[in-house]
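Visitor: Structure below; questions to follow.
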Amino acid sequence: MAASHVSSSAQGDIAYQAEFLEGVARTFALTIAQLPPNLRQAVGNAYLLCRIADTIEDEPVLSLAQKQAFSQRFAEIVAGRDDPVGFARELGPLLSSSTSHPEAKLVANTPRVIGITGRLTLAQRHAILRCVRIMSRGMVEFQRNASTEGLRDLPQLDRYCYHVAGVVGETLTALFCDHSEEIDRRREELLPLSVSFGQGLQMINILKDLWEDRSRGACWLPRDVFRSSGVELGSLSPEVADAGFADGLLQLAAITHNHLANGLRFILSLPTHETGIRRSCLWPLAIAVLTLRRICRKPTFRSGREVKVSRRSVWAAAILTSALVRSNLALSLLFKLFTFGLPGRSAA
């Protein structure tokens, strides 16, 4: 009877994870669905854990001390050294209306998410715990100094992107290496490319959401790039974004382009027969390239909606990259075609 109860509970937790992903992160859920079965559960669980950590950092009514305390406690919970039930009961009532209903529900269901974590392999748990710890520390650090003045310089932007996205690339690489000895033999080659890939995807988000971030009192653009173009980020507004601002944005677009080229190199370094893993990486890369094209076409956009890729384009990109998933040559040519004319030089 006990074994049956555990099995039923596990199935319920797995079903909850799949339902949540489908409800709040549809595109991400689709990419996870492409993965081999032994990776889907781990990657999906890692996403939900990172989402809980992100919810803590984004909650405006929590003080910095509270965020730091909850983040540290959450890392201990992921490590299996603290109580997820008490955590959920204490954090839940503190969340304001600024936290979406799905995210509040996710926090309330922390014990179910952690239940799945506990059933992963030791290597998977270690990789995910490392990710949560690094991400949580980094988010607290950057939340402490967040302002509309922007980040100090490009190295600080690199550091920010590593803590919120580059470490995710490292984690996926660790999970892929645990899945496949063939991939594991390429670990040293893949790890730096995965960090760059993650940074490229994060920089797309930073560029696309820059005005929405400013409305929340934050700016993740580097001051040194824009000062060289005669722009002070602290006084920036959509209504007065000029040629100097566009020039700074295009400099960042060039850096993003090169990171995405490294993302392609990462994908092409994966075995061609691992079509599910390759598809799960190709789709976000394709969406990022399409978004970058729109940003470069209209660098003075005033809202992220103006540069958002249409659902039809997303599906077209998924279909095309899936058809070419086994061909490194075809994927390289496709990348060059769609990045032609963008600032920066492709490394692929």
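Visitor: Any residue that is β-branched (Val, Ile, Thr), buried (at least 19 other Cβ atoms within 10 Å of the Cβ) and in a helix (DSSP H, G or I) - is there at least one of those in region 270-277?
Guide: yes
Visitor: Could we say that Gly263 is under 20 Å from Leu334 (Cα atoms), buried (at least 22 other Cβ atoms within 10 Å of the Cβ) and outside the structural domain of Pro37 (by TED's automatic domain parsing) here?
Guide: yes
Visitor: Then there is this: What are the pairs, 6+ residues apart or on separate chains, where a residue within region 272-296 that is closer than 11 Å to Thr339 by Cβ and touching a residue at least 40 places away in the same chain (Cβ under 8 Å) has its Cβ under 6 Å from a residue that is of a type outside the set (Val, Ile, Thr) and in a loop (DSSP other than H, G, I, E, B)?
Guide: From region 272-296, the pairs are Cys296/Leu342.
Visitor: Ok, one more. Looking at Val113, is it of a type outside the set (Lys, Arg), under 14 Å from Ala46 (Cβ atoms) and at pLDDT below 95?
Guide: Yes; evaluated as a whole, the condition is true for this residue.
Visitor: May I ask you to list the residues in region 156-181 that are closer than 21 Å to Gln41 by Cα and of a type in the set (Asp, Glu)?
Guide: Hits for region 156-181 are Glu170, Asp178, Glu181.
Visitor: Moving on. In region 111-141, which residues are in contact (Cβ under 8 Å) with a residue 60 or more places away in the chain, in a helix (DSSP H, G or I) and of a type outside the set (A, V, I, L, M)?
Guide: Arg112, Gly115, Thr117, Gln124, Cys131, Ser136, Arg137
Visitor: I would also like to ask the following. Of the conditions (1) more than 28 Å from Leu122 (Cβ to Cβ); (2) of a type in the set (Lys, Arg); (3) without any contact (Cβ under 8 Å) to a residue 60 or more places away in the chain, Arg214 clears all except one; give me its number.
Guide: It fails just one condition, (3).
Visitor: So how many residues does region 166-204 have that are hydrophobic (A, V, I, L, M, F, W, C) and either surrounded by fewer than 20 Cβ atoms within 10 Å (Cβ to Cβ) or at pLDDT below 95 (or both)?
Guide: So the answer is 3.
Visitor: Which of the numbered conditions does Ala253 fail, given that it passes all the others? Conditions: (1) modelled with pLDDT of 95 or more; (2) part of a loop (DSSP other than H, G, I, E, B); (3) over 28 Å from Val43 (Cα atoms); (4) aliphatic (A, V, I, L, M).
Guide: Answer for Ala253: the failing condition is (2).
Visitor: Run down Ser71, Ser96 and say which single residue is part of a helix (DSSP H, G or I) and of a type in the set (Ser, Thr, Tyr).
Guide: Working: Ser96 fails: part of a helix (DSSP H, G or I).
Exactly one residue qualifies, and that residue is Ser71.
Visitor: Here are some residues: Ser332, Ser313, Ser280. Which one is of a type in the set (S, T, N, Q), buried (at least 18 other Cβ atoms within 10 Å of the Cβ) and assigned to a helix (DSSP H, G or I)?
Guide: Ser280
Visitor: Output yes when any residue across region 53-68 is assigned to a helix (DSSP H, G or I), without any contact (Cβ under 8 Å) to a residue 40 or more places away in the chain and surrounded by fewer than 19 Cβ atoms within 10 Å (Cβ to Cβ), and no when none is.
Guide: yes
The values are calculated or read from the model by the stated rules, or taken from the named source; none is laboratory data. Keep in mind the model is a prediction, meaning the values are calculated, not measured. Neighbour counts run over all protein chains shown; Cβ positions are idealised from the backbone, glycine included.
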